[in-house]
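Reviewing the structure listed below.
The values are calculated or read from the model by the stated rules, or taken from the named source; none is laboratory data. Predicted model only: the values in this text are computed from it and were never measured. Positions of Cβ are generated from backbone atoms using ideal geometry, with glycine treated the same way; all protein chains shown enter the neighbour counts. For accessibility, only protein heavy atoms count, side chains too; no ligands or nucleic acids. Shrake-Rupley method; radii C 1.70, N 1.55, O 1.52, S 1.80 Å.
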Amino acid sequence: MSGEKVANWINQQLEARNVSVPRERRVVAEIAPLKLVESIRMLKEMGMNNIGTITGLDLGDRFELIYHLSNDDGVLLNLKTFIARENPRIPSVTAVFPGVFFYERELMDLFGILVEGIPEGRRYPLPDDWPEGEYPLRKDWKGLSADKGVTVDGAN
Amino acid sequence: MIDKIVRWARVKSPWILHFNTGACNACDIEIVAALTPKFDLERFGAQLKGTPRHADIILCSGPVTRQIKDRLTRIYEQTPEPKFIVAVGSCACSGGVFDGCYSVMGGIDTTIPVAAYIPGCPVRPEAIIDGVIKLLEKIDTPLPSENATAQGIAIGGDRN
Amino acid sequence: MAPIKIPFGPQHPALKEPESFNLVLEGEQIIDTEVKLGYNHRGIEKACESRNITQCIYLIERICGICSHSHSTAFTKAVEEIAAIEAPPRAQYIRTIVAELERIHSHLLWLGVAAHEVGFDTLFMYAWRDREVVMDLLALITGNRINYGMNTVGGVRRDIDSGQAKQVLESIRILVERTNYYLNVAINESIFKARLSGVGKLPQETALRLGAVGPTARASGIARDIRKDDPYAAYDQVGFKVVTDEQADIFGRTMVRVYELLESYRMIRELTEGLPEGPIAVKAPRKIPAGESVSRYEAPRGENIHYVRTNGTEIPERVKVRAPTLANLASIREMAKGGFLADFPIIIAAIDPCFSCADRMIRISGDRRGELWNWEQLRDYSIKWYQQRGVDLSHMG
């Protein structure tokens, strides 16, 4: 299925906004967080059978999450969703794509987004002794402060 | 006399442990390349071992990441004396391009004492051989009052 | 017998990054695997947000030393797409040649490591000796054996002259000969074949479900190859076929890689002979306009995804990298399940565990709660175990 066809399908089947085809084999669409899991399930049944990764972005006032889905014809869909920066949470899509486990763990560790329904597991990718409440990829994060018990050279 | 035999044995059969402390793999594959037929570090009696308990020399590659720090210390403690740590690559010497990253502590010497530094990004196998040989020469030179482990020698240029 | 949990790593004698695994064993059989990563986490994505685009290329190249060209190409491709500049054809060809040389070096490396893991050290030494032929070529073309520094926004930094092209063709001839020999070994050496067949099974539907990529997916019969699906650089101008295999085991993965080597040789020959004339780079602005782009790249290990968002300054707003290994890690649990402990190194194909030095283990009681033993407890346990069988070892130091 080509990029144009994927975009048309999304327009008809999903409650998506700002659907566009920036270039051949690239589709961009926005979706509400509440519709995320259902939309991804429908997209999977339609043929978008792989999630490449999940990108998180800190926009300052909110977080943007991009789910990169692809199909066998080389079309890559960037499915975007926006969540509030206060108390951020997003449902897990591991029920549809079990392989996204590590990508959702990254969101939890690096952005502090609570992924609801993710299976139990060890943390990834930050070290075990990483202090609580420090999320490196947030834009306002400027490094670990000394009062967290970890200084720059690692001495406690 | 006994000292002489022990030193001879130590220099002629240095067993090596290779430990990646968070490197990009480039120095690691060059370490293995140094051990394979074209460069053949084994002709000096050096052999790659699987465990720190058998090793004389630890080749550490990469900057020390926050997660690996405790494991590196543990491996250092598991290695029997005398032990010599070689920092392989610019990252292992000083942190290299990753200096300042939040999960990177810096060079190997921020965590454990280093006996030799081999800079390069990545280190060429020839430089690894050169570094190990220089270290062995250093071990071969009797230093009754000093411990070579604590001294630190730079090989093949400046640390930076 | 109660299941036993054995920690693996992070230090281990083989090649790859430090990862740690917890294996739950019942006798010799693996019943579960738990993966612990992050030993190599350096924080490159954050570091990119404080460096300019040119600095980022060299930082991103050092994500992985084995597929450094993959990462820098994927990144520059994304930046070029945002800035709406296109590298000239000659640059695209040179990028593709270096990419395929890198694939050859990576696959030969893998072949050697895999042979080493199954105890076939002769093949290990042979493969690594022949790999030096490619390393010499890469050093000749790029000036460095690893971390080539070839890419820049708008093209490549070094040209391939006619003398180098001649050397490339000559070296490829040697490699074709050697690879045919390996193919012969892999197919006809019954011990090697028996050791790999049926080990680490990953059925097609499982591979699809877990999102496997690269040779791991292709050996399970999934024809997933970005070079074909979403062509970049010069891959749409060169003929090659996507190698797949239906065996879905480690022998299949070996076959896929060896046949891919042969495809790569053909591609390099075709590209080197048909190298178009012209400049090798176009001028790129220092400040990249605001925009976003996703770039996909078929690295030796599988699909590599880079997401780049710029904000009109020299410094990128966000760089996200998904390396292929992360996508394949989810499959390891499935591959290892039901396999034997002795197969685990080759399933990971990088881990060579040493149990004599595992200084503690966790015994799992019936309710699956772990009990941590230190060295002394373990020693006492073993002395008692032998005493029950009529051997007294307690006097031994």
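At-a-glance table
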| quantity | calculated |
| --- | --- |
| Residue check for residue C:185: of a type in the set (A, V, I, L, M) and over 19 Å from the mean Cα position of the chain (by Cα) | yes |
| Residues within region A:46-55 that are open to solvent by less than 10 Å² (accessible area, probe 1.4 Å) and more than 8 Å from chain C (Cβ to nearest Cβ), tallied | 2 |
| Residue check, residue C:261 at pLDDT 90 or above, on the phi < 0 side of the Ramachandran plot, of a type in the set (A, V, I, L, M, F, W, C) and part of a helix (DSSP H, G or I) | yes |
| Members of region C:48-62 that are outside any helix (DSSP H, G or I) and touching a His at 6+ places or on another chain (Cβ under 9 Å) | C:62 |
| Residue C:86 vs. criteria open to solvent by 30 Å² or more (accessible area, probe 1.4 Å) and modelled with pLDDT of 90 or more | yes |
| Residue match in region C:151-158 (condition: touching a Leu at 6+ places or on another chain (Cβ under 6 Å) and at pLDDT 90 or above) | no |
| Region C:32-48 residues that are on the phi > 0 side of the Ramachandran plot, paired with ones that are open to solvent by less than 20 Å² (accessible area, probe 1.4 Å) and at pLDDT below 85 (beta carbon under 6 Å, 6 or more apart) | C:38/A:125; C:38/B:67; C:43/B:101; C:43/B:103 |
| Among residues of region A:1-55, those that are among the basic types (Lys, Arg) and in a strand (DSSP E or B), counted | 3 |
| Members of region C:119-153 found to be more than 12 Å from chain B (Cβ to nearest Cβ) and hydroxyl-bearing (Ser, Thr, Tyr), listed by number | C:142, C:152 |
| Residue match in region C:331-348 (condition: open to solvent by 30 Å² or more (accessible area, probe 1.4 Å), at pLDDT 85 or above and in a loop (DSSP other than H, G, I, E, B)) | no |
| In region C:239-260, residue farthest from residue C:274 (Cα to Cα) [restricted to those that are open to solvent by 10 Å² or more (accessible area, probe 1.4 Å) and β-branched (Val, Ile, Thr)] | C:244 |
| Residue tally, condition out of contact with any Phe, Trp or Tyr (no Cβ under 6 Å at 6 or more places or on another chain), part of a loop (DSSP other than H, G, I, E, B) and under 22 Å from residue A:61 (Cβ atoms), over region A:114-137 | 2 |
| Selection within region C:51-82 - crowded, with 24+ Cβ neighbours inside 10 Å, among the hydroxyl-bearing types (Ser, Thr, Tyr) and facing chain B (nearest Cβ under 10 Å) | C:68 |
| Residues being in contact with a helix residue (DSSP H, G or I) (Cβ under 9 Å, 6 or more places away or on another chain) and free of Cβ contacts under 8 Å to residues at least 60 places away in the same chain - total across region B:1-12 | 2 |
| Residue among C:169, C:208, C:175, C:202 that alone is open to solvent by less than 10 Å² (accessible area, probe 1.4 Å), part of a helix (DSSP H, G or I) and not small (Gly, Ala, Ser) | C:175 |
| Flag if residue C:195 is of a type in the set (Lys, Arg), touching a residue at least 40 places away in the same chain (Cβ under 8 Å) and surrounded by 22 or more Cβ atoms within 10 Å (Cβ to Cβ) | no |
| Selection from region A:76-95 of residues that are within 12 Å of chain C (Cβ to nearest Cβ), open to solvent by 10 Å² or more (accessible area, probe 1.4 Å) and over 13 Å from the mean Cα position of the chain (by Cα) | A:95 |
| Qualifying residue in region B:84-92 (condition: farther than 25 Å from residue B:103 by Cα, without any contact (Cβ under 8 Å) to a residue 60 or more places away in the chain and not aromatic (Phe, Trp, Tyr)) | no |
| Wholly enclosed strands (runs of 3 or more DSSP E) of region B:1-82 bearing at least 2 residues crowded, with 23+ Cβ neighbours inside 10 Å and either within 12 Å of another protein chain (Cβ to nearest Cβ) or in contact with a strand residue (DSSP E or B) (Cβ under 9 Å, 6 or more places away or on another chain) (or both) | B:15-20, B:57-61 |
| Answer residue from region A:122-138, given it is more than 17 Å from the chain's Cα centre (by Cα) and open to solvent by 40 Å² or more (accessible area, probe 1.4 Å) and is nearest to residue C:21 (Cα to Cα) among those | A:122 |
| Identity of the residue in region C:222-238, under 20 Å from the mean Cα position of the chain (by Cα) and among the hydrophobic types (A, V, I, L, M, F, W, C), that ends up most open to solvent (accessible area, probe 1.4 Å) | C:223 |
| Subset of region C:212-221 (residues that are open to solvent by 10 Å² or more (accessible area, probe 1.4 Å) and either under 17 Å from the mean Cα position of the chain (by Cα) or farther than 20 Å from residue C:255 by Cβ (or both)) | C:216 |
| Single residue of A:11, A:18, A:71 found to be polar (S, T, N, Q), crowded, with 18+ Cβ neighbours inside 10 Å and out of contact with any helix residue (DSSP H, G or I) (no Cβ under 6 Å at 6 or more places or on another chain) | A:71 |
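Residues checked against (1) facing another protein chain (nearest Cβ under 10 Å); (2) modelled with pLDDT under 90; (3) over 18 Å from residue C:40 (Cβ atoms); (4) crowded, with 21+ Cβ neighbours inside 10 Å:
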| site | (1), (2), (3), (4) |
| --- | --- |
| B:86 | no, no, yes, yes |
| B:108 | no, no, no, yes |
| B:116 | no, no, yes, yes |
| B:122 | yes, yes, no, yes |
